[in-house]
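Only the coordinates and a few stated rules stand behind these numbers; no lab work does. As the structure is a prediction and not an experimental result, all values here were calculated from the model. Glycine gets a Cβ as well: all are built from the backbone with ideal geometry, and neighbour counts include every protein chain shown.
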Amino acid sequence: MIQSVAAIVFGDGSKESSMRLYPLTKRRSEGAIPIAANYRLIDAVISNCINSNISKIYALTQFNSTSLNSHLSRAYSGAGLVGKQGFDVEVIAAYQSREDQGWFQGTADAVRRCLWVLEDDHNSALEFILLPGHHLYKMDYQKLLAIHRNSNADITLAVAPSPAYHFRHNNRRSSFGYVEVNSENEVIEFRETRESEKMNPTAEAEHSTNSKNCISRSSYRSMGIYVIKKDAMIKLLREYFPRANDLATEIIPGAIKIGMKVQSYIFDGYWEDMTDIEAFYKASMESTRNSTSGYNFYDIESTLYTLPKCLPPSLIMDAIITDSIIGGGCILNSCNIKGSVIGTRTRIGDRSVIEDSVLMGADIYQQTTYGDQSIREEGTGIGIPIGIGENSYIRKAIIDKNVRIGKNIRITNKDNVQEGNREALGYIISGGIVIVLRNAVIPDGSII
Ligand SMILES: Nc1ncnc2c1ncn2[C@@H]1O[C@H](COP(=O)(O)OP(=O)(O)O[C@H]2O[C@H](CO)[C@@H](O)[C@H](O)[C@H]2O)[C@@H](O)[C@H]1O
């Protein structure tokens with residue numbers, strides 16, 4: 001068990017960052033979003049820590065954190081639950097004190113205000129690995145740590161290739177870190193680009209190859225993953241930049257400026273940073289295919305851990321299912337499911353068709369009163385049980401948890417709307433994908 005390093009996982013800090021995956025983040029933080037039927041996004045980064053033998057993990061949580069805190073403490077506290085002894089996930093929920101008033105103002109402020117925990121005598125960590133809690137990727141952090149130690153860096157950033165690709169395919173994201181490195185992969189420039197800065201991708205790509213000052217410079221995207229020496233972290237946060245709130249916009253560029261050694265670790269594996277609904281939808285669709293691209297949920301070398309659930313096996317009656325993943329405890333009648341993710345405890349009625357969709361399932365099995373057929377009123381939501389009713393058709397949609405969808409409905413984005421807020425009706429359209437809100441009721445016969 002490696003004790004000299006501890007992980008700090010960022011839960012979700014602000015209203016702004018939570019808007020990226022809205023409405024999935026309406027009542028939960030990004031890391032608590034269900035993925036691939038059985039898991040939560042944060043399971044990927046916690047599992048990376050466990051599989052990299054990093055035994056001490058702090059999770060800093062703040063915004064909409066109830067379900068994240070609950071998941072982390074039930075799945076990973078007390079060690080034994082995921083079958084791994086000696087690992088400890090400690091949730092540090094945002095707090096206020098006599099000295100520290102107000103909420104955490106950003107990633108740097110959050111870490112600074114937890115330094116008293118991180119500096120505690122029983123904490124033997126000499127390095128911290130700082131990790132966003134909602135990215136989907138598999139990384140052996142020991143490789144990152146080896147680069148950090150071998151280069152004797154104060155800070156090491158994990159970076160991904162192809163910034164130009166990122167610009168083309170992800171122009172909706174609010175910010176990202178642009179990293180330029182020399183031939184030794186030492187970071188010589190780090191710039192956080194906000195949405196307001198209109199950056200021309202072609203010009204950026206050229207800049208990286210035509211740069212005059214360096215013989216060889218390459219540009220990368222920061223993954224928001226940093227290893228920092230404990231001493232450097234304390235000095236940066238307390239002495240050099242005591243008022244800085246953000247690691248990416250203030251601390252990392254500041255460290256380079258004052259001459260600290262900032263190294264890069266180039267990661268070329270699958271990485272999805274879930275910057276918007278389309279990215280989440282794409283990653284979910286990839287999970288239904290047994291291809292080499294995308295996140296490998298079936299890799300026995302690096303298990304994806306989560307909260308073990310006591311669920312019965314899925315009951316599949318006369319259903320036709322292709323290219324899909326089905327979570328535990330589902331009840332699937334004579335339905336047709338294609339290219340979809342079906343979350344735990346999903347119930348689908350006869351003759352319904354689900355295509356290219358993500359169903360997040362339910363927290364409970366239907367109780368008789370609310371879903372009672374005898375009190376059902378046609379054309380209203382009254383009496384509709386949790387799940388998908390009979391003879392319904394859903395295509396290219398994300399159905400959040402505990403949704404009650406009636407019979408004879410169609411959710412296909414029939415008017416091909418790209419962006420639309422219909423929260424009052426129980427759904428939002430983002431990037432052409434219909435997202436039905438958690439706990440929403442879609443009455444019989446609805447057409448979306
Ligand atoms: N007070 C707080 N408490 C707990 N958690 C908090 C927090 N404030 C923020 N977080 C969380 O910390 C992570 C980093 O969030 P930021 O909003 O600072 O950066 P962003 O994700 O835009 O970009 C970052 O990640 C991209 C890659 O996705 C990089 O390119 C870029 O340089 C980097 O800033 C997110 O998981 C966020 O939810």
The long-range amide H neighbours of residue 130, using H built 1.01 Å from N in the peptide plane and a cut-off of under 5 Å, are 8, 226, 227, 228
Amide H neighbours of residue 398 at under 5 Å, excluding residues fewer than 5 places away on the same chain, with H built from the backbone geometry, are 358, 434, 435, 436
Here the equivalent ellipsoid of the range 1-72, derived from its Cα gyration tensor, has semi-axes (largest first, whole Å) of 24, 14, 9
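Taking the range 317-362, how much of its Cα-Cα pair set, in percent, is spaced more than 15 angstrom apart? Kindly include the intermediate steps, with their values, before the conclusion.
Working: 321 of 1035 pairs.
Within the range 317-362, distances greater than 15 Å cover 31 percent of Cα pairs.
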The rounded separation in angstrom of the Cα centers of the range 257-304 and the range 102-160 is 18 Å
Simple SL model, points at 7 angstrom along Cα→Cβ for residue 425 and residue 146; separation in nm is 5.5 nm
Given backbone amide H placed at 1.01 Å from N, residues whose amide H is under 5 Å from that of residue 90, ignoring those fewer than 5 places away on the same chain, are 57, 58, 59
Semi-axes a, b, c in Å (a largest) for the range 105-160, each sqrt of 5 times a Cα gyration tensor eigenvalue, come to 21, 17, 11
